[in-house]
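We did not get these values from a lab; they are worked out from the coordinates using the rules stated. Owing to the predicted nature of the structure, the values given are computational and were not obtained by experimental measurement. Note: ideal-geometry Cβ built from the backbone for every residue, glycine included; neighbour counts use all protein chains shown.
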């Protein structure tokens, strides 16, 4: 099989499409992550940060950032011939959180992207998915110059349930992001199976 295509002579396979959210704080790398793996030109809704927004936009720790996502990022990746993921990056600023409910509709699971220098910025995303019983994986984006911590230390700092996967990643690297997305799909499938079993017993 050629990546995303069927072999010659075989009937085309109708792929299963799954929706995955990429969430987290402002400037944590959500737009970068979607762009790193998307096999189509990503749809981005970025606008320049303005002086008028300074009172409400907390840019501490990301002073070099000049744009912000105001609606969503959108990308697509074929993991297998029969499995396609649609990626929706959420806006990271509080004033755009009203869009999250719309974006979360029908989502299989989510990536909560975290920066260890500003770990508190992902608390809201963790809380959002926990409250709505949407399975999620925490991806620790390993920024250059940032201290590296064991995944168990990050888990404790975020007060995560033991079953929530925590993985180290580089949001700029296609293969690294693919591994995170595979982890999300596997975790979401296991979560759904466990939920079905709990309902039937």
### Query
residue 182 versus residue 76, label points 7 Å from Cα toward the beta carbon: distance in nm?
2.3 nm
## Note on the structure
Taking 103-113, 139-149 and ranking on average Cβ neighbours within 10 Å, highest first, one gets 103-113, 139-149
### Query
Ordered by packing density, taken as the mean number of other Cβ atoms within 10 Å over each peptide's residues, highest first, how do 16-28, 180-192 rank?
16-28, 180-192
### Message
Between residue 189 and residue 117, what's the calculated FRET efficiency when r is the beta-carbon distance and R0 is 25 Å? Round to 0.05.
### Response
0.20
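With r defined as the distance between the Cβ atoms of residue 43 and residue 148 and R0 fixed at 35 Å, what FRET efficiency is calculated, to the nearest 0.05? Please report the intermediate quantities before stating the final value.
On the way: r = 33 Å, r/R0 = 0.93.
Efficiency for this residue pair is about 0.60.
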